[in-house]
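Working notes, beginning with the structure itself.
The values are calculated or read from the model by the stated rules, or taken from the named source; none is laboratory data. Remember, it's a predicted structure, so these values are computed and weren't measured experimentally. Because the Cβ atoms are built from the backbone with ideal geometry, glycine has one as well, and the counts that use them run over all protein chains shown.
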Amino acid sequence: MDVVDMARQCRLSGDWEVYPVPLAEGTLGPEPPSGSTISVPDASHLQPVLYPKNPYWGDHIRAINQSAWMYRRRFSVPSEPYRRVRLRFGGVDYFALVWLNGQCIGNHEGHFTPFDFDVTHALRHDDENLLQVCVSAPWDPPNPGGTYPSDHVLRGLVKGMYEHGEGLIPPTVNPIGVWRPVYLLLDQGISVERLRIRTKTDGTVSVRVTLTNATNGLWLGGLALDVQAENHQGAGTAMHVPVRLPVGTRQAEVTLQIPDPQLWWPWDHGEPNLYRITCRLIDSWERVIADHTETFGLRTVRLDRTRERFTYEINGRPVFIRGTSYMPDLYLSRCTRGALERDLQLAQDANLNLVRVHVHRSPDDLYDICNRTGMLIWQDFELNWIHQSTPEFETRAKSLQREMIASLYNHPAIITWSCHNEPTMVFTRRENLEQHPDPALYADAKQQDPTRPVFICSGQMEHDWLRAGDIHTYYGAIWTDTFTDVYRHKARLNTEFGFEAPAHADTLRTYPECWERLKHLAPKIDDLWTYQAELIRFHVEHYRRLRAQGCAGYIHFWLADLVPQVGCGVLDSSRRPKGGYAALRDASQPLHIALEHNGRRPFAIWVFNDTNTHHDAVRVRWRVCDAQDAVIYESSAPASIPANTSMRVLTVKWNPRLCSSVELALEDFSGAVLARTSYVEPFKPMKRPAGYPWKFDPYLGCKVFDRPDAPSLADQSTHWIVRAVPVAIREQVAEWVLRQRIPPWAVRAIAQFIG
């Protein structure tokens, strides 16, 4: 079989000429004055190129988005036979308006979606071509009566990666640029556009192939599909079917059967076995004229979703979620495969089996790495907090969510779609959740992918367990001053909890203006890290105990900071571990022994076994010591620990006033230690640090604890009723409101009264 006339992909590499233009211009305008352009590297965001010494904070960063930016480059077409030429953009952040040789050829919205235009008739085939792209990512207008950082604007971009405030994305950052490569695709007018692959554990593979015929007539040929093992020694399969392809785009449905199927598993339950499928179009002369290759895994996912309980099942087996939220970089153009591999290895080293790709669609490498390492993914869509609630915005959002699901559909690592993060961040604002766009996004996601569970949103939606049912809790952080308060809370699934802590002092010092605002924390960093660690361990062990009552797992917030300041990461932006990393790692061990207590007295010893191994004839040992390290109580008891369970192995009772430390161990019949845990002063839990969570720095966009000159987040409202209340009372009321689970009917009544 000859392989000829196939599509050729030519990257338009090298620097762009770039210059600012008025934001609303939308036309080519005159040529830029000589010497007024800047040189921008291929596939880069503008901010780190223009201001490499500080791409994070300040009016100079905000000003970038107050203009549109015209990108220009010249190129020649390769001298070889072709019938069609497409111009493919890997990603433009955010709006793109494209001209070729002065002719407008199209526009596009969305930072993550590849898009292309047929430019066959706009090309100069024997001369140099001029490509121009006007790129904009405008700031949202202020929302009168809104409050920073939640609804001070009604977010108008379908984009999660721009100014969140409060330590995540600084208030002046809105990435912009042609941030992925641009290619010319030359072919014979016949192409395989996309494969959608559905699998069953018996080896059934259902493939929907999207094909395009851009010639002037009917194309006759064959469709060949070949499946081979990608990372194991299993058998493959193949199929060949005839194809009649009229002009236009159509879909073909094909089903294959893989013998002796090797299933894909998360890393803590088995091997992440993958297959590779290659789809080829073969003409009547037996020439391959188009092909497309994907990797996939044989696996099913199900969420047992009831009023009483949640349980994820992979391939019919219960899997308890131990996760963390993650964005790889503030500017995704800086992501390398090596950096992603490092971060995901750090997550796996912390005994986590899932990353929540938080309010963005990451680069393709992230999903491929997770597929190959067996790391599960909870995939958020690009909506965060309060967005516009118009039908027009809904249409735009639905189109981009469809593209996200279609482009990520075949990744076995993804086990959940979530349409919107915290749409009721302002609890009286429910337009997104109840009107536009969330109901439409939820319905469309379920239609696009009935094989995965869909959440209409992530956040305070315990009552709506059919469409959501998860919870975000911040006991000991922004809700209460004691992290052990979570002990009274029960949940089906917690998808956010954590505590902000400063970066390593050396990381802070890399940016002098950051250090100047945070140097008061230098002598307190160790204590703040200790508090973060104690909070994380208590919360993780609490949710692991709740598995026995139907809790599906936990997703900690968050793995790694994006900016060198104060943030929820257990790794700072330089990937130096804070105190919380070791606590998250130790408490998340697949086999773990833990003390149940409420911060005042002990109740029981538990063993959490998230593995497939049944541990029979094991022994639980415990020792309690006083402040002088003298043993005041020790004993042991036999136990049998089933696979995939959280088990209360025995109740305990001792005088908490005498207890200074507790040591627990799980041993096998030979005395080998299977799990070990220790606690220091468990009945004297640390209190929330002074000034947190209200003191913040509006320039850095992060918490600053007890810095005397810092304003309070509770003092940002412009509503006259709110501003009439003293700030200290506002802070207390806000914390009380945040931790309440108010019925929707009551929220509507309050919203109507306030309005």
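Take SER635 and decide whether it is among the polar types (S, T, N, Q) and within 23 Å of LEU535 (Cβ to Cβ).
no
Any residue in the stretch 415-427 that is part of a helix (DSSP H, G or I) and over 21 Å from ILE321 (Cβ atoms)?
Within the stretch 415-427, none of the residues are part of a helix (DSSP H, G or I) and over 21 Å from ILE321 (Cβ atoms).
Restricting the stretch 452-484 to residues that are among the β-branched types (Val, Ile, Thr), part of a loop (DSSP other than H, G, I, E, B) and touching a Pro at 6+ places or on another chain (Cβ under 8 Å), which is nearest to LEU535 (Cα to Cα)?
Ranking the candidates gives THR482 first.
Here is a yes/no grid of residues against (1) over 17 Å from ASN351 (Cβ atoms); (2) in a strand (DSSP E or B); (3) in the same structural domain as HIS269 (by TED's automatic domain parsing); (4) at pLDDT 95 or above:
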{"position": "ASP526", "(1), (2), (3), (4)": "yes, no, no, yes"}
{"position": "TYR531", "(1), (2), (3), (4)": "yes, no, no, yes"}
{"position": "GLU534", "(1), (2), (3), (4)": "yes, no, no, yes"}
{"position": "VAL540", "(1), (2), (3), (4)": "no, no, no, yes"}
{"position": "ILE555", "(1), (2), (3), (4)": "no, yes, no, yes"}
{"position": "LEU562", "(1), (2), (3), (4)": "yes, no, no, yes"}
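Conditions tested, residue by residue: (1) touching a residue at least 60 places away in the same chain (Cβ under 8 Å); (2) under 27 Å from the mean Cα position of the chain (by Cα); (3) within 22 Å of VAL357 (Cβ to Cβ).
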| site | (1), (2), (3) |
| --- | --- |
| ALA503 | yes, yes, no |
| ASP506 | yes, no, no |
| HIS520 | yes, no, no |
| LEU571 | yes, yes, yes |
| TYR581 | yes, yes, yes |
| GLU596 | no, no, no |
| ARG601 | yes, no, no |
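Give the residues of the stretch 189-221 that are in contact (Cβ under 8 Å) with a residue 40 or more places away in the chain, surrounded by fewer than 21 Cβ atoms within 10 Å (Cβ to Cβ) and among the polar types (S, T, N, Q), sorted by residue number.
THR201, THR204, SER206, THR210, THR215
Would you please name the residue that is nearest to LEU131 (Cα to Cα), looking only at residues in the stretch 90-108 that are of a type in the set (Val, Ile, Thr) and buried (at least 19 other Cβ atoms within 10 Å of the Cβ)?
VAL98
Every residue in the stretch 672-688 that is outside any loop (DSSP other than H, G, I, E, B) and either farther than 30 Å from ARG707 by Cα or touching a Pro at 6+ places or on another chain (Cβ under 7 Å) (or both), please.
Correct list: VAL673, LEU674, ALA675, ARG676, THR677, SER678, TYR679.
When the stretch 723-740 is examined, which residues are found to be among the charged types (D, E, K, R) and either surrounded by fewer than 13 Cβ atoms within 10 Å (Cβ to Cβ) or over 19 Å from ALA477 (Cα atoms) (or both)?
The one that is among the charged types (D, E, K, R) and either surrounded by fewer than 13 Cβ atoms within 10 Å (Cβ to Cβ) or over 19 Å from ALA477 (Cα atoms) (or both): ARG723.
Considering only the stretch 510-523, I want to know if a residue exists there that is in a loop (DSSP other than H, G, I, E, B) and either touching a Pro at 6+ places or on another chain (Cβ under 7 Å) or surrounded by fewer than 24 Cβ atoms within 10 Å (Cβ to Cβ) (or both).
yes
Please count how many residues of the stretch 373-397 are surrounded by 19 or more Cβ atoms within 10 Å (Cβ to Cβ) and not in a loop (DSSP other than H, G, I, E, B).
10
Working only within the stretch 320-355, note down all residues that are assigned to a helix (DSSP H, G or I), of a type in the set (A, V, I, L, M) and buried (at least 21 other Cβ atoms within 10 Å of the Cβ).
Listed by number, the residues that qualify are LEU332, LEU340, LEU344, ALA347.
I'd like to verify a number: residues in the stretch 98-142 that are within 16 Å of TRP179 (Cα to Cα) and outside any strand (DSSP E or B), how many?
Summing the residues that are within 16 Å of TRP179 (Cα to Cα) and outside any strand (DSSP E or B) in the stretch 98-142 gives 6.
So which residues in the stretch 689-722 are part of a helix (DSSP H, G or I) and surrounded by 12 or more Cβ atoms within 10 Å (Cβ to Cβ), if there are any at all?
Result: LEU713, ALA714, ASP715, VAL722.
Which residues, taken from the stretch 25-43, are at pLDDT below 85, at negative phi and not acidic (Asp, Glu)?
THR27, PRO30, PRO33, SER34
If a residue counts only when it is closer than 13 Å to SER136 by Cα and in the same structural domain as TRP99 (by TED's automatic domain parsing), which strands (runs of 3 or more DSSP E) contained entirely in the stretch 1-71 have at least 2 such residues?
16-21
If I ask for residues that are surrounded by fewer than 18 Cβ atoms within 10 Å (Cβ to Cβ) and not charged (D, E, K, R), which ones from the stretch 133-145 would you list?
Hits for the stretch 133-145 are PRO138, TRP139, PRO141, PRO142, ASN143, PRO144, GLY145.
In the stretch 158-207, which residue that is assigned to a loop (DSSP other than H, G, I, E, B), out of contact with any helix residue (DSSP H, G or I) (no Cβ under 9 Å at 6 or more places or on another chain) and among the hydrophobic types (A, V, I, L, M, F, W, C) is nearest to THR113 (Cα to Cα)?
Result: ILE169.
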